[in-house]
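This report concerns only the one structure given below.
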Amino acid sequence: AAEPASAPGWEEHRPNARLAGRRILVTGAGAGIGRCTAGLFRAEGAAVALLDRDAAAVEAAAAACGGAPVVADVTDAVAVDRAVASAAAALGGLDDLVNCAGISRPGRVEEVDIAAFRQVIEVNLIGAHAVIRACLPHLRAAPWATIVNLASGQGLVPAGPSNAAYAASKGGLITLTRSLAQEFAPLIRVNSVCPGMVPTGMTAGRSGDGRQYALKRNATPLEVAQAILFLAGTDSAFVTGIALPVDGGRTFH
Ligand code: NAI
């Protein structure tokens, strides 16, 4: 069985190759934060597989950063198993997983029917869990593994009305993260990131003027990807189970 390794000393710190030698799967990597994360991770020296349900988008994103595209809808457990197997084959194993695939269905309770609510939970919560389950044998075989789940500030402190399904799914994902951090310790660290508003396809058309943030602006995808990089790499070697707000000072959690 693999032994948990300790973090390297500062002598080994490589500022421009923080993920050198690591094999990483990023879901939801066809667009937005996931696509940016895959690119940053490649720049930091990782081998990356990009998973998305949108085949054209994930192929373009993979070509842009030099990663391996795999296509699956995270709500289809059979397709997820197949895609994770092909990602692991392409990279020769998996050291880290970043769960970015997610959807949002804003609306008041009367406007979001049960099917729409269920779909949000299926993608954001159960989908993340399905990818984690499929990756687990690979992560357990790695000497030093991490999982980072893209939750949301909405999962810590819901901001205003009209996004209950999303907030509930992300609150669930934060709790799933804390549970699995205990279950998978000490071999695999599991953390979540809780961004505020980031202009992407998901938030297109929404106001998000940043006034609710102490920093008075929205985040960029790269600012969120940098937080994911911290949690995926050895810089966070003694951090597990956390929900890290990247929200410009909205929640102060
Ligand atoms: P996005 O819409 O730009 O990208 C999401 C990607 O996930 C798309 O490529 C989409 O095809 C893929 N995807 C969606 N459902 C899928 C499924 N069932 N199976 C496989 N792939 C699927 O979204 P964005 O903004 O980059 O969001 C990424 C993550 O960050 C999400 O989990 C989101 O909830 C979270 N987040 C986003 C915030 C924002 O303001 N944009 C704020 C807080 C969290």
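The calculated FRET efficiency for the pair ALA115 and GLU12, based on their C-beta separation and a Förster distance of 35 Å, comes to about 0.10. Computed over region 24-169, the alpha-carbon pair-distance distribution with 10 angstrom bins reads 13, 41, 31, 13, 2, each value a whole percent. For GLY102, the shell of other residues with beta-carbons less than 14 Å away shows a net charge of 0, using +1 for Lys and Arg and -1 for Asp and Glu. Multiplying the residue separation of ALA43 and ALA185 by 0.36 nm and removing their Cα-Cα distance gives an extension gain of 48.3 nm. Taking the accessible area of the chain, probe 1.4 Å, and keeping the other protein chains in place, the carbon and sulfur fraction comes to 56%. The mean sequence distance of close C-alpha pairs (under 8 Å, at least 6 residues apart), as a share of the length of region 8-124, puts its relative contact order at 25 percent. With distances taken between every two different alpha-carbon atoms, the chain has a Kirkwood hydrodynamic radius of 18.1 Å.
Among the trypsin sites (Lys or Arg not before Pro) in region 115-210, those placed in a DSSP loop whose Cβ has at most 15 other Cβ atoms within 10 Å are ARG206.
Under the rule that an exposed site lies in a DSSP loop and has at most 14 other Cβ atoms within 10 Å, name the longest stretch of the chain with no chymotrypsin sites (Phe, Trp or Tyr not before Pro) of that kind, not counting the sites themselves.
For chymotrypsin sites (Phe, Trp or Tyr not before Pro) (loop position, at most 14 other Cβ atoms within 10 Å), the longest site-free span of the chain is 1-237.
The values are calculated or read from the model by the stated rules, or taken from the named source; none is laboratory data. Everything numeric here is computed off the predicted structure, so don't read it as measured data. Positions of Cβ are generated from backbone atoms using ideal geometry, with glycine treated the same way; all protein chains shown enter the neighbour counts. Calculation scope for accessible area: heavy atoms of the full protein, side chains included, ligands and nucleic acids excluded. Shrake-Rupley method; radii C 1.70, N 1.55, O 1.52, S 1.80 Å.
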